[in-house]
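Just so you know, all these numbers are worked out from the coordinates, no wet-lab data involved. Computed from a predicted structure; not experimentally measured. Neighbour counts run over all protein chains shown; Cβ positions are idealised from the backbone, glycine included.
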Amino acid sequence: MNIPTKSLVVLLFGSLAAMTGATQAADETISVKKSTLVNLVDLLVQRGVINKQEGQGLVSAAEQEAAEAAKSNAAQAKSGGEPLPESLPAANTETLAVMAKGKAGKIKHVGYVPEFVKKEIRDQVRAELKADVLQDVKQDAKTEGWGIPGALPEWVAAIHPSFDMRIRFADDFFGKNNEGGIDNVGIDADGNFFGPYNWLSINRAANTPQGGLNRQVALNPNEAILNTQKDRLRLRERFRLGFEANLTDGLKAGVRFATSNINNPVSNDQTLGNTGQSYQFAIDRAYLQYDFLDARKINWFSLYAGRIINPFVSTDIVLDPDLSFEGVAGSFRLPFNRGGNKLAGYKAPNPTARFGINQGQQTPDALFLTLGVFPLQDIDVSVNDKWLYAGQVGADWLVFNDSRLNLAVSYYEFQNVNARPNPLGSHTYDWTAPQFVQKGNSMVAITDFNTLNGTCDDTVGCLFGLASEFKVFNATAMFDYAGFDPVHVLLTADYARNLGFDKQRIAAEFLNGIVNYTGNKPRTTAYQIRVDVGQPEVRRWGDWSVNLAYRYVQRDAVLDAFTDSIFHLGGTNAKGWVAGMQYGLAKNTWLNLRWLSSDAIDGPKYSIDTLNVDLNARF
């Protein structure tokens, strides 16, 4: 803080007067040593520090202060007390009298700061603090809702809207040496076509007169065989609008609307090019959530019901980022290290801010257990509905500063999702055909041509389901290093293995065996290694983040319906690299660039490179 030159001069004279007065006896008449003062004033005038008029005023002020100090000393001596410092005005005698009650025979001298110097200092401090004070006031107004009139209903302040929008430029490049495809349909040694098949289209056509697999391929290859050779450019859009309402302490309700491919659980993208037709718009989430917080605001457990957010620590090799869960779940936490202030200044970032990574709905320095029961498909003709039972245990640890470690072990058991063969002449197990698949999982024929008495004219059948059961073990580790704040380095390792694959059972139940290539050994392992460098969340101009990952997902390692929908254009049986970059263009507006390069692990050669350029906005 800079004190004005004039103030420094006066302060100097006050201190000088105090020192000269301190060397005199208490009963002496206080006088100003004019020669010293005048010489000093002349020197300052000559140096241009002050002008002549100001110098004369300073001398007069010093003389007046010395005279007042002399009067005060005389009064104090008359009463028998110790004389006060000669340099101070009478206005401060009460304060200094108290200060003088120290050791006997000694006087404590305090330099005098004139009132106009104090005023200038106060004005300068006020100016410097004004911006900080205004910022604090604005934040309090926002937090406490000063701008909301008291006449409005309470529910208005309790509702919190959210919005995000994404425009995607998606370009898919297929390897020139890819096998199969709509222009080069492959035929194996037995005269059967090989894929990659579009199993959903085949199942939809299963009970039509032209429903046989080979005939369907011959009539319309676009329906039964996936594209493997024609590069494709698409413009896509995702729009989501959500509302969350605080109902009472700890309890809130939420709903989110989104553009949607109604029958696709892992994508909210709407492809542009509908000849002016309206977009599909669906309820993406609708839920109740209860959080139990104690008096210290520690969250001990959270309960979810309805169509809810993904509550598990996970990556996109198991669960796609757009996937919502239907059912009930609970996350229970056992806090530790709550005796200090380590968490006082920590603010957890959005757990899904990094694309493809979910750090879970947890709080740092806690052990946690998350359990969930989720119905997948309600079957009218069977009590054996399709379900997902999931459990996860782990630790969320703020290791040091803002560096955070997440460890989680999960188990996902999908019940009744695998196919069962129909008895001869029966459609009992048609319901085991999946409502949705992407590609990659091993498939078997549920209904063959004998069952439909020739309606399906191919020996491999015309209705297909998943060959394997899915009981997936998943281990995930994430370490978010904050030593370069605001830049973070996040290291992620993810491993998954399907414990439900039983080749002997499949061979015994399905005489035609698995109809798509699996190799000689079960293909049930998946893993991913990834590194992210940059801000944990891109929210304003100049924020940035880059990432690089390698992933390897065998055919039956995870359920292909729920895994990432972008890598290898969705599904399993793929390996390759993913590189990405995020950059903030403005407040709550950012660019997301990703390059994905993948190859099929087994079966016909099938390579796909994908470029995604996303423009994102939110509030």
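Model label sites at Val137 and Gln124, defined 7 Å from Cα along the beta-carbon direction, differ in position by 2.4 nm. Put in line by how crowded their Cβ is, counting other Cβ atoms within 10 Å and starting with the fewest, Phe243, Phe368, Phe510 read Phe243, Phe510, Phe368. Hey, which of these cross-link pairs are over 27 Å Cα-Cα: Lys230/Lys521; Lys386/Lys503; Lys230/Lys386; Lys503/Lys605; Lys252/Lys386; Lys130/Lys297? The pairs that break the limit, which is 27 Å between Cα atoms, are Lys230/Lys521; Lys230/Lys386; Lys252/Lys386; Lys130/Lys297.
Want the number for Val533 to Tyr346: 0.36 nm per residue separation, take away the alpha-carbon distance, what's left? Write out the running numbers ahead of the final one.
Numbers: separation 187, 0.36 × 187 = 67.32 nm, distance 1.95 nm.
Between Val533 and Tyr346, full extension yields an extra 65.4 nm.
Annotation for segment 291-312 versus segment 457-515: alpha-carbon center distance of 29 Å.
Going 7 Å from the Cα of Trp544 along its beta-carbon direction, which residues of segment 582-619 have the amide nitrogen within less than 19 Å of the resulting point? Only 582-595, 613-616 fall inside the zone, counting backbone N under 19 Å.
Each residue of segment 524-539 is assigned a 3J(HN,Hα), and the resulting list reads 10, 10, 9, 7, 8, 10, 8, 10, 10, 10, x, 5, x, 9, 8, 10 Hz, derived from the Karplus form 6.51 cos²θ - 1.76 cosθ + 1.60 (θ = phi - 60°), x at Gly and Pro.
Report the gain in length on full extension from Lys176 to Lys605: 0.36 nm times residue separation, minus Cα-Cα distance, nm rounded to one decimal.
Difference between extended and current length: 153.4 nm.
In this structure, the amide hydrogen of Phe501, modeled 1.01 Å from its nitrogen in the peptide plane, lies closer than 5 angstrom to those of Lys471, counting only residues at least 5 positions away or on a different chain. Once the Cα-Cα distance is subtracted from the 0.36 nm per residue extended length, the Leu499 to Ala617 segment shows a gain of 38.4 nm. Spacing of the modelled spin labels on His160 and Phe473, each 7 Å from Cα toward Cβ, amounts to 3.9 nm. Each residue in His427, His488 was given a count of other beta-carbon atoms within 10 angstrom of its own, and listing them fewest first yields His427, His488.
Annotation: the residues Asp560, Asp402, Asp132, sorted from fewest to most other C-beta atoms within 10 Å of their own C-beta, follow the order Asp132, Asp402, Asp560.
Size check on segment 538-578: the Cα extents along the three principal axes, sorted descending, read 42, 18, 14 Å.
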